[in-house]
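Novice: The structure follows.
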Amino acid sequence: MRDGSVFRGLSQQASTEWDALTETRFFGRFSADGRLVATEKVDAPAATNDTERWVSFLRHERIPFISYPYEWCFGMLKAAALLQLDLLLAALAEDMILKDSSAFNVQWVGAEPVFIDMASFERLSPGDPWVGYRQFCEMFLCPLMLQAYKDVAFNAWMRGSIDGLGPSDCYRLFSMRDLLRPGVLKHVFLQAKLEARYADTERDVRDDLRKAGFTKELILTNVRGLRRLVARMDWRRRESEWSEYVDCGHYERVDQQKKIDFVRDVVSMRSRRLVWDLGCNTGTFSRLAAEGADYVVAQDGDHLAIERFWRSLSAEGNRKILPLVNNLADPSPALGWRGRERQALEQRGTPDLVMCLALVHHMVITANLPMREFVDWLASLGGDLIIEFVTKDDPMVHTLLRNKHDNYDDYDLEFFERCLAESFEIGRRELLCEGRRIMYHALARG
Amino acid sequence: MKRLLNVVMLAGFCLLMSERPAHAYLDAGTGAMILQVLLGGIAGAVVIFRLYWRRFLALFSNRRAEDDALDTSKT
């Protein structure tokens, strides 16, 4: 990263592959519609020390906010898988191939997937199999099957292992009945068994296959089959706690309008670069924020709420709002080798406005976080804040406290305001629902 | 075509019948490579045939040798 652009050094081999890629027809087609990140070959960026190591450099258009597969909803992982397969089919048609299938190679501009790893493309060596097939199963197919067939969200599995979920583990999670579901017998059961069968082989199977006449047609048959399989997959859960929230009528119409006006007024005060909407549900207020911001990252721990939000954004081709599944009491940490391969949420760009509507009671009462801790964290993000506090008189808080001993002394309006005033300058304040809910516009202290 | 694919899948199962427990270090995806042939329809069947015909022949000739030995012992 230099001067707001992303540069990538290429070896001699990679540089040759890049030149081959730019001569294909599909490269122009996928770049033009934004499914390949805009990229150009450039001279060495100023002040680089790597000119001896690299023979050339690529400059990529910057992705507004980096996200990882364990933060995506089912539909997003499926869309990313289809993009991967469509690129592969297009590449094979022109005798190129994607040498890996990492889900981390796909990023998002709003609700639209974009492929970012140009160095994954290489010319196809005749007789070679698709080396990325196994990784495609680990990072796309098995996680999607787990959610589509077993109703288990893939996120924890993807966050638990940077390599995803392999066929051997996936097979152990499936029952005999699952073997009849589309693709399980072929891609999970057979692959798991073959992995075990050939794990200790000393043969050069790649060479054996080449000699036996392995062709591109075999890869095409498999990839076309996978594309049909993935396209048919669906996650059928219909209800969750939060996906129905908007329709539940927690607000009188007049209060809902007051809340909308409050958010719209603050958002329109000045243009914002990046807004985070924490606890966004199905995104009503994220959309308001997007009216006055370059980019909105909308986050919620409820997978179905994010799924619905993404589907509506995707249907309209939205490129300004990125919806992510994120439990804010346990946000994405830094992961991978020495914790440096994947960044923690806050390391990927901090917001200049944070919206935190009717969320505090969940953080303090449901997730047992101290009030001061939570407000301190919000302040540490460095942006202004729109926050809604729900008092203990509100039925929603009553619900949270049922079956619980109320030892949440810090969940108190006066204490909340004191914490807020310590870290922010409190601007506008407005009562909703006869004073049971209060909206604040809090400004970051410069 | 569909029937042939089934035959190919069956061939895959036959191969698995001889599965041995593996106590190996990390595999580079050999199983996944072979699976791509099994999933490859007619073209895959041809490659499988070429891959394994020598082994099948060897198996056959071994059996013939054993049978001959058995017959000799009977007489």
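The numbers here are math on the coordinates, done by the rules we state, and not lab data. All values reported here derive from a predicted model rather than from experimental measurement. Cβ sites come from the backbone with ideal geometry, for glycine too, and all protein chains shown count toward neighbours.
Novice: Give the order of A:130, A:310 when sorted by the count of other beta carbons within 10 angstrom, beginning with the fewest.
Specialist: Neighbour counts put them in this order, fewest first: A:130, A:310.
Novice: Can I ask one more? Can you give the % of DSSP beta bridges in the protein assembly as shown that are antiparallel, to the nearest 5?
Specialist: Approximately 60 percent, going by the DSSP bridge assignments.
Novice: Another question, then. Return one quarter of the surface area of the convex hull spanned by the alpha-carbon atoms of chain A, equal to its mean projected area, in nm².
Specialist: The number I arrive at for chain A is 25.0 nm².
Novice: Oh, and also: Output wanted: per-residue J couplings in Hz (rounded whole) for segment A:175-185, from phi through Karplus 6.51 cos²θ - 1.76 cosθ + 1.60, θ = phi - 60°, x for Gly and Pro.
Specialist: Rounded to whole hertz, the list is 8, 4, 4, 5, 4, 7, 6, x, x, 5, 4.
Novice: Give me the tail of P(r) for segment A:6-232 as a percent: Cα-Cα pairs with distance above 27 Å.
Specialist: Summing the P(r) of segment A:6-232 above 27 Å gives 38 percent of all pairs.
Novice: Just grab the label-to-label distance for residue A:430 and residue A:330, each label 7 Å out from Cα along the Cβ direction, in nm (one decimal).
Specialist: In this crude label model, residue A:430 to residue A:330 measures out at 3.6 nm.
Novice: Here's another thing I want to ask about it. Which three extents, in angstrom, do the Cα atoms of segment A:1-104 have along their principal axes, listed largest first?
Specialist: 42, 33, 23
Novice: How do A:320, A:150 line up, fewest other C-beta atoms within 10 Å first?
Specialist: A:150, A:320
Novice: Nearest 10 degrees, 0 to 90: what angle lies between the long axis of helix A:74-93 and the longest principal axis of chain A (Cα atoms)?
Specialist: Value to nearest ten degrees: 30.
Novice: How many nm is it between the label spots at residue A:344 and residue A:418, if each spot is 7 Å from the Cα in line with the beta carbon?
Specialist: So the two model labels end up 2.8 nm from each other.
Novice: Fully extended, how many nm does the chain gain between residue A:224 and residue A:406 (0.36 nm per residue separation, minus their Cα-Cα distance)?
Specialist: Roughly 59.8 nm would be gained on extension.
Novice: Could you list A:303, A:405, A:398 so that the one with the fewest beta carbons within 10 Å of its beta carbon is first and the one with the most is last?
Specialist: Ranking A:303, A:405, A:398 by Cβ neighbours within 10 Å, fewest first, gives A:405, A:398, A:303.
Novice: Run through segment A:21-130 and list the trypsin sites (Lys or Arg not before Pro) located in a DSSP loop whose Cβ has at most 16 other Cβ atoms within 10 Å.
Specialist: Listed in order of number, the matching sites are A:53, A:62.
Novice: Something else: Please compute the alpha carbon radius of gyration of segment A:245-444, then divide it by the globular-protein estimate 2.2 N^0.38 Å. Two decimals is fine.
Specialist: Here the answer is 1.00, to two decimals.
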